[in-house]
1. Has the range 114-122 got at least one residue that is out of contact with any strand residue (DSSP E or B) (no Cβ under 9 Å at 6 or more places or on another chain), surrounded by fewer than 14 Cβ atoms within 10 Å (Cβ to Cβ), in contact (Cβ under 8 Å) with a residue 24 or more places away in the chain and over 20 Å from residue 61 (Cβ atoms)?
2. Spot the failing condition for residue 151; the list is (1) surrounded by fewer than 16 Cβ atoms within 10 Å (Cβ to Cβ); (2) farther than 16 Å from residue 52 by Cα, and only one is missed.
3. Quick check on residue 126: is it surrounded by 13 or more Cβ atoms within 10 Å (Cβ to Cβ) and in a strand (DSSP E or B)?
4. Before we move on, is residue 84 over 17 Å from the mean Cα position of the chain (by Cα), crowded, with 17+ Cβ neighbours inside 10 Å and either more than 15 Å from residue 147 (Cα to Cα) or at pLDDT 90 or above (or both)?
5. Could you please tell me which pairs satisfy a Cβ distance under 9 Å, a separation of 6+ or placement on different chains, a first residue in the range 96-109 that is more than 14 Å from residue 65 (Cβ to Cβ), and a second residue that is part of a strand (DSSP E or B)?
6. Can you tell which of 36, 137 is over 14 Å from the mean Cα position of the chain (by Cα) and either surrounded by fewer than 16 Cβ atoms within 10 Å (Cβ to Cβ) or under 16 Å from residue 154 (Cβ atoms) (or both)?
């Protein structure tokens, strides 16, 4: 005789408290990291996205131009904005030495500039003179010390 198991429900096994704690902790840490990766504090740097006006301003003020190629989705760009550009020493040096330009590589209006400087990755920091000649550049996230060295040597 065959036994009919259609009325028998499988037993639900309760997970161990360790795994509940583990997954809750994992969720909290993951959410914090996602927020941290895209958080960029405000700063007092007067960014522009117009290279022509930056060149005119650089000529008038006898400064070089710093172009920061970035994107909305770029996590290293946000980290650089948080760790480098929000620093008071960096802000002071930038105001004294360069006209800062921030270019979003995903902006259709910036395609010619991205192509002209052969930008293939973000962040890319390019220092140019008012005529557009490259004086120095860095591809990838740059720390505060290296950034200040680059800024002060141009």
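1. no
2. (1)
3. So residue 126 fits the description; yes.
4. It is false that residue 84 is over 17 Å from the mean Cα position of the chain (by Cα), crowded, with 17+ Cβ neighbours inside 10 Å and either more than 15 Å from residue 147 (Cα to Cα) or at pLDDT 90 or above (or both).
5. Cβ pairs passing all conditions: 104/69; 104/70; 105/69; 105/70; 105/124.
6. Checking each option against the conditions leaves just 137.
The values are calculated or read from the model by the stated rules, or taken from the named source; none is laboratory data. It should be emphasised that the depicted structure is a prediction, and the values quoted were computed from it without experimental measurement. Neighbour counts are summed over all protein chains in view; Cβ atoms, including those assigned to glycine, are modelled from backbone coordinates with ideal geometry.
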